[in-house]
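Q: First, the structure itself, so that you have it in front of you.
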Amino acid sequence: MILEHALLSVAPERVEEFESAFAQAESIISSMPGFLRLRLSRGLERPNVYLLLVEWEELEDHTEGFRQSSRYQQWKDLLHHFYDPFPLVEHYAPVREV
């Protein structure tokens, strides 16, 4: 399992619009091969910053399967215009789990 991590900074006046668009985008990413689960959390100290965690079976399910698919363009069209700055996306492999 690979964990994708991204901090999504959204203009404060657009958070409701972003959350609505994200609800639509969930069906896109969740339909992709290798997708396991997703969690979107909103910051308490900075309520316009979201933490996106997506679990994939393998790194390539995200970097190749999703990002190189035609469905990724739909994802981008729904969400990418909300981000300022554009998020850094990183991937993590589990070391320990309790």
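Q: Suppose the chain between Leu38 and Ser20 were pulled fully straight at 0.36 nm per residue; how much longer would it get relative to their current alpha carbon spacing?
A: Result: 4.9 nm gained on full extension.
Q: In square angstrom, what is the accessible area per residue of the chain with a 1.4 angstrom probe?
A: 64
Q: Count charges around Glu55 for me, please; just the other residues with Cβ under 13 Å from its Cβ, Lys/Arg as +1, Asp/Glu as -1.
A: Within the 13 Å Cβ shell, the charges total -3.
Q: Per 10 Å bin, what percent of the C-alpha pairs of the chain does each bin hold, from zero upward?
A: Each 10 Å bin holds this share of Cα pairs: 15, 50, 29, 6.
Q: Roughly how many percent of the accessible protein surface of the chain is carbon and sulfur, given a 1.4 Å probe and a whole-percent answer?
A: 50
Q: Just grab the label-to-label distance for Thr63 and Ala11, each label 7 Å out from Cα along the Cβ direction, in nm (one decimal).
A: 3.3
The values are calculated or read from the model by the stated rules, or taken from the named source; none is laboratory data. Only a predicted model underlies this, so the values are computations on that prediction, with no experimental measurement involved. Because the Cβ atoms are built from the backbone with ideal geometry, glycine has one as well, and the counts that use them run over all protein chains shown. Accessible surface areas use protein heavy atoms only, side chains included; no ligands, DNA or RNA. Shrake-Rupley method; radii C 1.70, N 1.55, O 1.52, S 1.80 Å.
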